[in-house]
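Undergrad: Take this structure, written in structure tokens, and hold onto it; I'll ask about it next.
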Amino acid sequence: MSQTPTREEALNLLKQYNKSDSLIRHGLAVEGVMRYFAAKRDGDVEKWGMVGLLHDLDYEQFPEEHCTKSASILKENNWPDEYIRAVVSHGWGICSDVEPQSEMEKVLYAIDELTGLVATSALVRPSKSVLDIKVKSVKKKWKDKRFAAGVNRSIIAKGAEMLDMELADLITDTIMGMREVAAEIGLKGNVAKE
């Protein structure tokens with residue numbers, strides 16, 4: 001690997017360890033949202049994006065060692081410590097004791113589960129698209145604990161608090177980031193032309 005990792009290297013590594021379309025799409029969704037946040041917060045768009053892309057690197061093959069195995073895979077591939085720490089920190093309190101500290105880590109922690117809620121909310125719409133979903137639709141689904149029951153809402157809420165953001169603003173920015181990669185993540189759907 002080059003000194004500074006490239007997105008192509010990140011994507012190749014993700015696909016080496018993940019064959020599931022849904023996990024690859026999730027990685028692309030989180031990458032899109034991380035890039036969106038980085039641009040808004042003067043972060044390194046490429047770095048934030050790659051961290052988002054790789055955050056679940058080990059999940060398909062090593063679910064019992066989630067985050068821990070990602071760290072060793074990334075170390076073996078000579079990824080910078082900052083990237084590794086960020087990837088591991090998204091599992092804080094679940095499968096990792098690395099607390100998110102940097103802005104990049106806090107954003108990843110806050111939006112990982114939220115991308116799943118937004119995607120699921122989009123898929124039950126007639127358009128099956130993230131391009132026309134509204135914050136109030138996602139907030140309504142948020143309140144229905146049976147909807148997307150696997151989404152850990154307390155992590156999202158804690159992440160919003162870490163970032164000192166209102167939940168509605170976090171949802172808005174997550175939707176905006178996902179819209180930028182709607183086609184790649186299968187959520188372009190069939191939005192009617194006005």
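Undergrad: Return yes or no: is residue 148 surrounded by 16 or more Cβ atoms within 10 Å (Cβ to Cβ) and within 17 Å of residue 52 (Cα to Cα)?
TA: In short, no.
Undergrad: Further question on the same structure: Please work out which one of (1) within 28 Å of residue 146 (Cα to Cα); (2) without any contact (Cβ under 8 Å) to a residue 60 or more places away in the chain; (3) within 14 Å of the chain's Cα centre (by Cα) is the condition residue 115 fails and give its number.
TA: (2)
Undergrad: Among the listed residues 177, 186, 159, identify the single one that is more than 25 Å from residue 70 (Cα to Cα) and either in contact with a Gly (Cβ under 6 Å, 6 or more places away or on another chain) or at pLDDT 95 or above (or both).
TA: Criteria check complete, one pass: 186.
Undergrad: Okay, moving on. Can you name every residue in the stretch 1-58 that is of a type in the set (Asp, Glu), within 15 Å of the chain's Cα centre (by Cα) and farther than 21 Å from residue 187 by Cβ?
TA: 46, 58
Undergrad: Which pairs turn up if I take residues in the stretch 63-86 that are in contact (Cβ under 8 Å) with a residue 12 or more places away in the chain and on the phi > 0 side of the Ramachandran plot and look for partners that are of a type outside the set (Phe, Trp, Tyr) and assigned to a helix (DSSP H, G or I) with beta carbon separation below 7 Å, at least 6 apart in sequence or on another chain?
TA: Between residues of the stretch 63-86 that are in contact (Cβ under 8 Å) with a residue 12 or more places away in the chain and on the phi > 0 side of the Ramachandran plot and residues that are of a type outside the set (Phe, Trp, Tyr) and assigned to a helix (DSSP H, G or I), the close pairs are 67/88.
Undergrad: A follow-up question, please. For residue 74, only one of the following conditions fails: (1) among the aliphatic types (A, V, I, L, M); (2) within 13 Å of residue 13 (Cβ to Cβ); (3) surrounded by fewer than 19 Cβ atoms within 10 Å (Cβ to Cβ). What is its number?
TA: Every listed condition holds for residue 74 apart from (3).
Undergrad: Right, next: Can you tell me which residue is nearest to residue 177 (Cα to Cα) among those in the stretch 26-43 that are exposed (fewer than 15 other Cβ atoms within 10 Å of the Cβ) and in contact (Cβ under 8 Å) with a residue 60 or more places away in the chain?
TA: Taking the candidates together, the pick is 40.
Undergrad: Still on this structure, I have one more. More than 18 Å from residue 33 (Cα to Cα), at pLDDT 95 or above, in contact with a Lys or Arg (Cβ under 9 Å, 6 or more places away or on another chain) and outside any helix (DSSP H, G or I): is that true of residue 128 in this structure?
TA: Spelling it out, residue 128 is indeed more than 18 Å from residue 33 (Cα to Cα), at pLDDT 95 or above, in contact with a Lys or Arg (Cβ under 9 Å, 6 or more places away or on another chain) and outside any helix (DSSP H, G or I).
Undergrad: Taking the condition among the aliphatic types (A, V, I, L, M) and surrounded by 18 or more Cβ atoms within 10 Å (Cβ to Cβ), does residue 23 pass?
TA: Answer is no for this residue.
Undergrad: Counting just the residues of the stretch 121-167 that are closer than 22 Å to residue 95 by Cβ and of a type in the set (S, T, N, Q), which one comes out farthest from the chain's Cα centre (by Cα)?
TA: 154
The values are calculated or read from the model by the stated rules, or taken from the named source; none is laboratory data. Everything quoted here is computed from the prediction, not taken from an experiment. A quick note on method: Cβ atoms are made from the backbone with ideal geometry, for glycine too, and the neighbour counts reach across all protein chains shown.
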